[in-house]
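The values are calculated or read from the model by the stated rules, or taken from the named source; none is laboratory data. Since we're looking at a predicted model, the values are computed, not measured. Here the Cβ positions follow ideal geometry from the backbone for every residue, glycine too, while neighbour counts run over all protein chains shown. Calculation scope for accessible area: heavy atoms of the full protein, side chains included, ligands and nucleic acids excluded. Shrake-Rupley method; radii C 1.70, N 1.55, O 1.52, S 1.80 Å.
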Amino acid sequence: MSENTEKRQNPFFVPYDTPHDTVPFDKIRLEDFEEAFMEGIRRDNEQIEKTINNPQKPTFDNTIIDAEDDTEGYYDLLERVSTVFFNLLSAETNDELDALAQKMQPILTQHANDVRLNEKLFERIKYVHHYHRRLTPEEWMLLENTYQGFVRSGALLDAAGKERLRQLTEEASMLSLQFSQNLLKENKAFTLHISDAAELDGLPETAIAAAADEARQRGKEGWIFTLDYPSYSPFMTYSTQRSLREKLYMARNTVCTHDNSENNLEICKRLVNLRREIAQLLGYRTYADYVLKRRMATNTRGVYKLLYDLIDAYKPTAEKELKELNKEFKTMPWDTAFYSHKLQLKKFKIDAEMLRPYFQLDKVIAGVFGLANKLYGITFKENKAIPVYHPDVKAYEVFDRDGSYLAVFYADFHPRKGKQGGAWMTEYQGQFIDKKGENVRPHVSVVMNLSKPTADKPALLTLGEVETFLHEFGHSLHGMFANTRFESLSGTNVWWDFVELPSQFMENYSVEKEFLRTFAFHYQTGEPLPDDLIDRIVKSRNFMCATACLRQVSLGLLDMAYYTQKKEFCDDIMTFEKKAWKKAILGKQLPNTCMTVQFSHIMSGGYAAGYYSYKWAEVLDADAFSVFKQHGIFDQATAQSFRDNILSRGGTEHPMTLYKRFRGCEPTIDALLARNGIKRKKK
């Protein structure tokens with residue numbers, strides 16, 4: 001840049017000047033993040049000083065919502081840069097971004113503590129909370145959340161307690177980040193390199209082609225398999241090479257347990273103890289008690305009742321499933337997927353590869369978008385003028401039934417080096433109504449790790465991957481339909497055991513013939529998915545479902561075991577894990593494998609003492625979908641009620657209030673049992 005050239009502006013500091021004010025990824029440089037973080041903190045502090053020095057009596061407007069905007073009234077700079085940075089840290093990271101995260105995390109945690117432990121600010125909030133008058137239900141919810149947020153962050157502690165809380169939260173924040181970075185490095189470091197074609201025996205053509213493509217990208221001959229799900233799952237399901245299945249299984253199930261810098265064993269132990277101490281400092285017996293105070297389950301009794309009810313209902317069927325599998329085959333853990341597939345093929349004459357040719361990604365996208373159109377009347381239009389952070393990402397404008405602009409939707413489908421495993425939905429901008437009365441619409445993003453296209457074939461998905469897409473798309477609808485006044489209450493900003501309802505609800509459509517008929521066409525011939533295959537899909541839907549249920553319950557038990565600790569946790573992680581979930585485990589447990597060290601949900605993903613939420617929401621989703629089954633799975637009146645009462649309301653009211661407004665009553669476990677073909681034991 002010449003001296004005469006105008007100095008470049010940090011893109012976070014100015015209006016984005018992009019379609020719908022979307023993030024200008026193409027203009028952002030690494031150095032922009034730190035500068036924007038520090039300026040955002042400065043502006044935050046300036047706004048707080050303005051609020052606490054306001055000579056007027058504290059009110060809802062001058063205390064609770066006055067800090068929503070920065071001094072220019074356009075956006076919260078710290079929120080703006082944090083959203084972009086941490087989303088990229090999950091979806092498109094690199095060594096430089098990781099290093100910056102390590103540098104900024106303690107600074108950001110310290111700032112968050114400075115805000116929540118500011119005594120003068122809390123005194124104003126407490127005054128409004130005690131003496132508020134004539135608030136709307138949404139305003140009251142924001143006030144209650146704000147007040148409780150401060151209390152639950154230590155505002156009522158004495159000086160020594162506040163200082164100790166700072167130390168604990170800052171350490172926990174850093175360890176959570178380290179946990180995630182270790183897991184990503186370990187997962188990406190392992191490869192299974194095959195050079196002998198004979199060792200590909202049993203693998204479907206799609207898996208072989210993907211492995212060849214992976215090898216080419218790495219400059220290698222032969223075939224490379226990784227721990228990414230689209231590579232790992234087909235290998236474990238189809239490979240006849242038992243020793244290689246064992247190698248891949250052990251690699252995946254021993255990540256972050258090795259004697260190296262990526263070992264997460266002590267990190268997990270320390271995180272459990274830090275969270276316990278935080279909860280006890282705040283007056284709770286355990287971290288679970290602290291968390292569940294603001295959950296639908298209410299307390300640990302509610303969680304354990306759900307988990308034990310599911311064990312009682314599903315375990316007899318799971319035992320029969322395992323007995324049938326072992327009668328046919330003698331299995332070790334690395335054999336389960338392989339022999340389960342053989343048994344499924346024998347019983348139902350169906351497997352994932354039979355269906356894959358009918359699930360071309362482009363057609364699946366059209367089908368999922370079409371489903372949203374049938375239910376809610378919304379439409380999607382790709383807009384290549386919207387900047388994206390990687391060439392794989394597609395950006396769409398979303399329009400409502402009346403043609404008005406509704407949202408921006410980003411879709412990031414395939415695994416790559418800098419992306420975490422799994423699938424998730426996030427936002428680059430939440431919905432809210434600004435001070436001028438404008439309804440600022442959301443920018444939502446779905447990030448997945450679906451099967452990639454190869455040199456001679458488009459991306460062809462499994463039915464499970466279609467289900468994953470529907471799940472994350474359900475989260476995105478929750479974000480896109482948001483229609484609340486305050487951003488902190490919009491979209492998916494709801495209690496954790498309610499957030500999975502919209503996503504798991506959408507999964508129901510994956511086996512509905514009327515839905516499959518709209519998009520499932522053979523990628524070569526154009527022939528629709530045959531009726532007999534659809535019938536077999538439906539009949540096989542509950543294959544090993546009790547075993548799958550117990551797997552989820554076992555993870556819920558493990559989560560609760562860690563976070564109901566009352567005293568310092570000193571046990572060996574691997575030994576403790578195997579005892580904690582034993583009630584829900586039927587198969588053989590191997591001594592050197594460990595789930596805890598890769599259990600991102602409860603160690604770094606916000607689900608600590610909350611993993612039960614998936615089963616809790618499954619009860620809700622089965623109950624909710626039963627209404628659609630009664631009136632028609634595309635019934636627009638039912639869909640509009642679901643949108644109006646649940647999807648658009650975010651966290652503005654208690655979730656059970658919202659659910660009962662849609663359903664007319666509280667949910668029961670009955671619809672879930674009926675869907676899975678499970679009969680309760682007679683007592």
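Residues that are acidic (Asp, Glu), in contact with a Pro (Cβ under 9 Å, 6 or more places away or on another chain) and open to solvent by 30 Å² or more (accessible area, probe 1.4 Å) number at least 1 in the following strands (runs of 3 or more DSSP E) confined to segment 397-464: 424-429. Pairing residues of segment 624-641 that are under 16 Å from residue 401 (Cα atoms) and open to solvent by less than 10 Å² (accessible area, probe 1.4 Å) with residues that are in a helix (DSSP H, G or I) and of a type outside the set (Lys, Arg), at Cβ distances under 6 Å and at least 6 apart in sequence or on separate chains, gives 639/375; 639/376. So is residue 240 over 28 Å from the mean Cα position of the chain (by Cα), surrounded by fewer than 21 Cβ atoms within 10 Å (Cβ to Cβ) and of a type in the set (Val, Ile, Thr) or not? For residue 240, the condition - over 28 Å from the mean Cα position of the chain (by Cα), surrounded by fewer than 21 Cβ atoms within 10 Å (Cβ to Cβ) and of a type in the set (Val, Ile, Thr) - is met. Among the criteria (1) open to solvent by 40 Å² or more (accessible area, probe 1.4 Å); (2) closer than 22 Å to residue 326 by Cα; (3) out of contact with any Leu (no Cβ under 9 Å at 6 or more places or on another chain), the one residue 590 does not fulfil is (1). Residue 575 passes every criterion in (1) closer than 30 Å to residue 331 by Cα; (2) open to solvent by less than 10 Å² (accessible area, probe 1.4 Å) apart from (2). Give me a count of the residues in segment 193-237 that are in a helix (DSSP H, G or I), open to solvent by less than 30 Å² (accessible area, probe 1.4 Å), hydrophobic (A, V, I, L, M, F, W, C) and under 25 Å from residue 343 (Cα atoms). Residues meeting the conditions: 4. For segment 642-683, a residue qualifies if it is in contact (Cβ under 8 Å) with a residue 12 or more places away in the chain, outside any helix (DSSP H, G or I) and of a type in the set (D, E, K, R), and the qualifying residues are 649, 653, 680, 681. Give segment 563-596 a look and list any residue that's within 21 Å of the chain's Cα centre (by Cα) and within 18 Å of residue 300 (Cβ to Cβ), or say none. Within segment 563-596, 563 is the sole residue that qualifies. Scanning segment 261-281 for residues that are outside any helix (DSSP H, G or I) and farther than 17 Å from residue 604 by Cα yields a single hit, 261.
In segment 149-168, which residues are part of a helix (DSSP H, G or I) and either open to solvent by less than 30 Å² (accessible area, probe 1.4 Å) or under 14 Å from residue 279 (Cα atoms) (or both)? Hits for segment 149-168 are 149, 150, 151, 161, 162, 164, 165, 166, 167, 168. There is at least one residue in segment 510-518 that is modelled with pLDDT of 95 or more, polar (S, T, N, Q) and under 26 Å from the mean Cα position of the chain (by Cα).
Here residue 284 fulfils each of the conditions (1) open to solvent by 40 Å² or more (accessible area, probe 1.4 Å); (2) assigned to a helix (DSSP H, G or I) apart from (2).
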